[in-house]
Structures are given as structure tokens and as C-alpha cells.
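Have a look at the structure below before the remarks.
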Amino acid sequence: MNANHEELLYAYAVTRDAGAPGADDLETLTGVAGEPVRAVRHLGLATLVGPVPAAGFGEAALHASLEDIAWLEKAARAHQRVIDAVTATGACVLPMRLATVYHDEAGVRRMLANRHAQLGAALDRLDGCVEWGVKVHASGSAAQAPAATATGPRASRAAVSGRDYLRRRAAARHAHEEEARREDEAARGIHAVLTALAEQTRLYPPQHGPLAGPSGRNILNAAYLVRREGGDRFTSAVAGFADLVPEDGVRLELTGPWAPYSFAGQATSGLAETGQAETGQTATGQPTRAQPTLGRPVPGEDVP
């Protein structure tokens, strides 16, 4: 810990020393505690950090704060703000997990030395790329459960025979299933085209409940690693689908560009200093991205 035992260092991201922003670039940037952000440099790498009070970011305090949704969202947005600012300079950035803290600069340098090969390999692999998030939502009636037809059992019995009622129910169920099939087929076609424009793709489980929002059934939740120079082509493809697919009963949502949260792999996992807390990133939209929008809530499937 720092000599005064009152501060810890909160870590945001790792980048190349040569590409790390200088003091002038970081002058107005603040972090999760409103603290100034600086770079700790070692062996050709740099970690963006900020001094935070030990009383609020020690292990016990962090575990308590991580149960507070309002604190999580505020911290996630500030964490992302720092990463976005560095990404905007064109540097390749490996985002650290939310709430990764170190005792002091010596601990940060020790991490950079111990993980030097792994971090360097990840930076080489992701250099020149950003992450885009795409969600496809079913906006048609198949996003809802099929209705029971008529206005109730008594009305049904009065209007039609039992056989007719069952026939109508079967027809309604078939129409619902057919619409869902068309929506899923449209999502698969969109994903296939976007995958061809990306270096790598990560699929996530569709979101349900509050995370899905009022947008209907989530049928595709994916992240795409795209070279910066290919960004216009990728977003144009998404825009083209957005114009065409409403007739298939689906709606697209595009987020980004983000630092490659979904593709850093294990390079920045397990980096919290012993005795301090490290947590998984909370989800966006992202990016991560603040639902809070920091990375993704659960591991996904890598698609070459």
C-alpha cells in the first residue's frame, strides 16, 4: 500500500507504452472516485491508473459496494469513460475488469512484468481493431406468446364447436411458430454477413427480462471484432439490414465502437493484487457498454 496507507491504485486498462496518452492528454480525465488518471509505465507497457481512497476501495468496502446497483452503475460509467478516452486516441487498449486495485505502483509494475508476454500477445492480436455490438430483437407478434383466441371459454363454446376451437388454436400456434422461424432465420442471415466483415465474433446468450428492455424478444446478442479501417463498411452493412429487415419482424441495435472488451480473453483476468478485490465487468451495452456497458455479463462462444 502507499506509504500513507490511505490510497490504493485503481487500474483501468493496459496499453503499449508508446501508444499511451501523455500527461497533457490525461489532464482533464477523471476516474471512478473523481481522481486524476495517470500512466504507470514498465517494460514497454503502460497501465492507466488513478489513486483512490483505501477506505472506499479496500477489499471489504468493495465487496459492500458491489452489492449496490447505483454504485455499480456510476463506477461502470466512470471506468468506461477512461477506457473510451484512451481508445479514442487510436491506441490498442486491454480493458481491466471493474474494481481491479493495487497497493501501489510497484504492484502494477510487478503485474506488467509477470504478465508481459500474455499482455503483449493480446495487444499484438487486437492492434488496429475495435469492438462493435449488434443485437437483433423480434418486433413482431412472435415476440409474445400466442393469444388464446376469442374472448373466453364461454364465448368460444357459444360461437364454435369444440373441434373448431381446437382447430383455431392450432392454426394460431402454427402461425406463431412460423413467424418465430422467419425471425430466427433473418437473425442468422444477418450474423453470417457481419461475421464475414469481422476478424472474430463472440456470441452471447440472448438477454431476457429487464436486460432485454422493451424491444421484444432478443434473438441475437453478438460482439464483432472489426479493423478500424473496416468500420464504415461494417456499420453500413448494419444500416442496410436495419432498412430491410422490418418486414421480417426484427429490429437491429448497434453499439460501439468500443475497446475490445469481448476479445481480450484471459490477458487481463486475475490481475488484482493479492488482498484486493477483482470483479467481473458488469454488462452493457457492451460496451461493457452501461447497461452499465462494460463488457459482457457471461462468457460467450468464440466464432472464428
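The values are calculated or read from the model by the stated rules, or taken from the named source; none is laboratory data. Quick caveat, the model's predicted, so the values are computed rather than measured. In this analysis, Cβ positions are derived from the backbone assuming ideal geometry, glycine residues included, and neighbour counts consider all displayed protein chains. For accessibility, only protein heavy atoms count, side chains too; no ligands or nucleic acids. Shrake-Rupley method; radii C 1.70, N 1.55, O 1.52, S 1.80 Å.
Read through the list (1) open to solvent by 60 Å² or more (accessible area, probe 1.4 Å); (2) part of a helix (DSSP H, G or I), then give the number of the only condition that Ala122 fails.
(1)
Sort through Glu301, Glu273, Glu229 and tell me the only one that's over 13 Å from the mean Cα position of the chain (by Cα), among the charged types (D, E, K, R) and at pLDDT below 50. Outline the logic, then answer.
Values: Glu273 fails: at pLDDT below 50; Glu229 fails: at pLDDT below 50.
Step by step, each of Glu301, Glu273, Glu229 is checked, and only Glu301 is over 13 Å from the mean Cα position of the chain (by Cα), among the charged types (D, E, K, R) and at pLDDT below 50.
Which number in (1) open to solvent by less than 80 Å² (accessible area, probe 1.4 Å); (2) charged (D, E, K, R); (3) over 20 Å from the mean Cα position of the chain (by Cα) marks the one condition that Asp84 misses?
(3)
Determine, yes or no, whether Arg202 is over 30 Å from His103 (Cβ atoms), surrounded by fewer than 16 Cβ atoms within 10 Å (Cβ to Cβ), modelled with pLDDT of 90 or more and of a type outside the set (A, V, I, L, M, F, W, C). Spell out the reasoning first.
Working: over 30 Å from His103 (Cβ atoms): yes; surrounded by fewer than 16 Cβ atoms within 10 Å (Cβ to Cβ): no; modelled with pLDDT of 90 or more: yes; of a type outside the set (A, V, I, L, M, F, W, C): yes.
Answer is no for this residue.
Does Tyr102 fit the bill of being within 21 Å of Asp127 (Cα to Cα) and of a type in the set (Phe, Trp, Tyr)?
On the way: within 21 Å of Asp127 (Cα to Cα): no; of a type in the set (Phe, Trp, Tyr): yes.
No.
Return yes when Val160 is among the aliphatic types (A, V, I, L, M), within 30 Å of Phe263 (Cα to Cα) and either modelled with pLDDT of 60 or more or surrounded by fewer than 17 Cβ atoms within 10 Å (Cβ to Cβ) (or both) and no when it is not. Reasoning before the result, please.
Details: among the aliphatic types (A, V, I, L, M): yes; within 30 Å of Phe263 (Cα to Cα): no; either modelled with pLDDT of 60 or more or surrounded by fewer than 17 Cβ atoms within 10 Å (Cβ to Cβ) (or both): yes.
Here the answer is no, as Val160 does not meet what is asked.
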